[in-house]
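Okay, so here's the structure we're looking at.
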Ligand code: NAI
Ligand code: 15L
């Protein structure tokens, strides 16, 4: 069992779900977000902090033996917002970890690192990245930082390229990208307990019959996705058909590929 697990992005969608469903992984949970939020139990310590603040991030990582890094901008936004949370935030996290015993990190990367691959293509993790916006670029950067810290210092990180981690798929694209909460939680249990992790790229996706991503390289991890989006097929087929040239029909990154460069 871990002693203290830091969960960033704790007020967000996956942060809240992880705090509810993965509390058994550690004796203490330090939960942090830039937004204020409620404590779930006595096990939790709540810290409001900006990932762009290096001093604050050093304090967050102090005495933690693992980090679930979910915090940051999670959709396409202006470069300035993404730079602060996802570029400086990742830099701050890895420097704080290096100074403090290199706790194992699970980095919530994204399918938007490869969003500009056509849906007709099947990908292994060796495929070169093709980000579909500044958000996707920031996740490519996060993966590269983690790989550099692993090569230079031995820092372990799981680079989890999450597809669509929601209660259930809500459109046709998500039939391929859906990552069930149960598969996510079973994977986290392995990532934080497997004796040696290294720095693997892992597709965060369920065992969807129409999926695009090949996880056959992680047999050593002792995890295989069990859920399949097909159980929602009938529900999804009631949705109106999409035009053949729509971004969410053509590209793995779906509508993110059509996002403009946002200025604000
Ligand atoms: P979310 O947007 O609900 O949660 C992200 C949290 O990070 C928010 O609570 C936000 O307040 C916090 N945050 C933003 N900027 C911050 C900053 N500067 N300092 C501290 N906290 C900050 O996103 P969600 O869905 O929970 O995703 C969690 C992580 O997983 C994100 O990194 C996202 O990019 C990644 N991801 C999620 C997917 C999904 O299907 N939910 C798919 C692919 C990746
Ligand atoms: C992501 O990276 C986003 O964080 C999430 O909100 C979804 O949009 C997901 O990708 C997706 O591609 O469905």
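Just so you know, all these numbers are worked out from the coordinates, no wet-lab data involved. What you see is a predicted model, and the numbers here were worked out from it, not measured in a lab. We place every Cβ from the backbone using ideal geometry, glycine too, and count neighbours over all the protein chains shown.
Kindly provide the set of residues from segment 49-68 that are over 17 Å from residue 4 (Cα atoms) and not in a helix (DSSP H, G or I), ordered by number.
Answer for segment 49-68, where residues must be over 17 Å from residue 4 (Cα atoms) and not in a helix (DSSP H, G or I): 49, 50, 51, 52, 53.
Return yes when residue 201 is surrounded by 15 or more Cβ atoms within 10 Å (Cβ to Cβ), touching a residue at least 12 places away in the same chain (Cβ under 8 Å) and farther than 28 Å from residue 171 by Cα and no when it is not.
Working: surrounded by 15 or more Cβ atoms within 10 Å (Cβ to Cβ): yes; touching a residue at least 12 places away in the same chain (Cβ under 8 Å): yes; farther than 28 Å from residue 171 by Cα: no.
No.
Considering only residues that are under 25 Å from residue 186 (Cβ atoms) and within 12 Å of ligand 1 (Cβ to nearest atom), which ones fall in segment 106-140?
Within segment 106-140, 106, 107, 108, 109, 110, 111, 112, 113, 114, 139 qualify.
Conditions tested, residue by residue: (1) within 16 Å of ligand 2 (Cβ to nearest atom); (2) surrounded by fewer than 22 Cβ atoms within 10 Å (Cβ to Cβ); (3) within 17 Å of residue 191 (Cβ to Cβ).
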{"position": "23", "(1), (2), (3)": "no, yes, yes"}
{"position": "29", "(1), (2), (3)": "no, no, yes"}
{"position": "37", "(1), (2), (3)": "no, yes, no"}
{"position": "50", "(1), (2), (3)": "no, yes, no"}
{"position": "54", "(1), (2), (3)": "no, yes, no"}
{"position": "72", "(1), (2), (3)": "yes, no, no"}
{"position": "75", "(1), (2), (3)": "yes, yes, no"}
{"position": "80", "(1), (2), (3)": "no, yes, no"}
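Quick check: is even one residue across segment 151-162 surrounded by 15 or more Cβ atoms within 10 Å (Cβ to Cβ), over 19 Å from residue 21 (Cβ atoms) and more than 13 Å from the chain's Cα centre (by Cα)?
Yes: one or more hits.
Could you check, for segment 91-105, whether at least one of its residues is within 18 Å of the chain's Cα centre (by Cα) and within 16 Å of ligand 2 (Cβ to nearest atom)?
The answer is no; no qualifying residue exists.
Would you mind stating whether residue 71 is within 11 Å of ligand 1 (Cβ to nearest atom), in contact with a strand residue (DSSP E or B) (Cβ under 7 Å, 6 or more places away or on another chain) and either assigned to a helix (DSSP H, G or I) or without any contact (Cβ under 8 Å) to a residue 24 or more places away in the chain (or both)? Give the steps one after another, and end with the answer.
On the way: within 11 Å of ligand 1 (Cβ to nearest atom): yes; in contact with a strand residue (DSSP E or B) (Cβ under 7 Å, 6 or more places away or on another chain): yes; either assigned to a helix (DSSP H, G or I) or without any contact (Cβ under 8 Å) to a residue 24 or more places away in the chain (or both): no.
Taking the combined requirement at face value, the residue does not satisfy it.
Name, by its number, the condition in (1) closer than 20 Å to residue 98 by Cα; (2) more than 8 Å from ligand 1 (Cβ to nearest atom); (3) free of Cβ contacts under 8 Å to residues at least 24 places away in the same chain that does not hold for residue 49.
Looking at each condition in turn, residue 49 falls short on (2).
Residue 166 versus (1) surrounded by fewer than 19 Cβ atoms within 10 Å (Cβ to Cβ); (2) within 12 Å of ligand 1 (Cβ to nearest atom); (3) outside any loop (DSSP other than H, G, I, E, B): which is the lone unmet condition?
Tallying (1) surrounded by fewer than 19 Cβ atoms within 10 Å (Cβ to Cβ); (2) within 12 Å of ligand 1 (Cβ to nearest atom); (3) outside any loop (DSSP other than H, G, I, E, B), residue 166 fails exactly one: (3).
Which residues, counting only those in segment 2-16, are within 13 Å of residue 188 (Cα to Cα) and either more than 6 Å from ligand 1 (Cβ to nearest atom) or part of a loop (DSSP other than H, G, I, E, B) (or both)?
Result: 2, 5, 7.
Give the residue, chosen from 132, 126, that is buried (at least 24 other Cβ atoms within 10 Å of the Cβ) and part of a loop (DSSP other than H, G, I, E, B).
132 is the lone residue from the list that is buried (at least 24 other Cβ atoms within 10 Å of the Cβ) and part of a loop (DSSP other than H, G, I, E, B).
Name the residues in segment 225-241 that are part of a loop (DSSP other than H, G, I, E, B) and surrounded by 14 or more Cβ atoms within 10 Å (Cβ to Cβ), would you?
225, 227, 228, listed by residue number.
Can we say residue 84 is surrounded by fewer than 21 Cβ atoms within 10 Å (Cβ to Cβ), more than 15 Å from ligand 2 (Cβ to nearest atom) and more than 22 Å from residue 166 (Cα to Cα)? Please lay out each step first, then the result.
Numbers: surrounded by fewer than 21 Cβ atoms within 10 Å (Cβ to Cβ): yes; more than 15 Å from ligand 2 (Cβ to nearest atom): yes; more than 22 Å from residue 166 (Cα to Cα): yes.
In short, yes.
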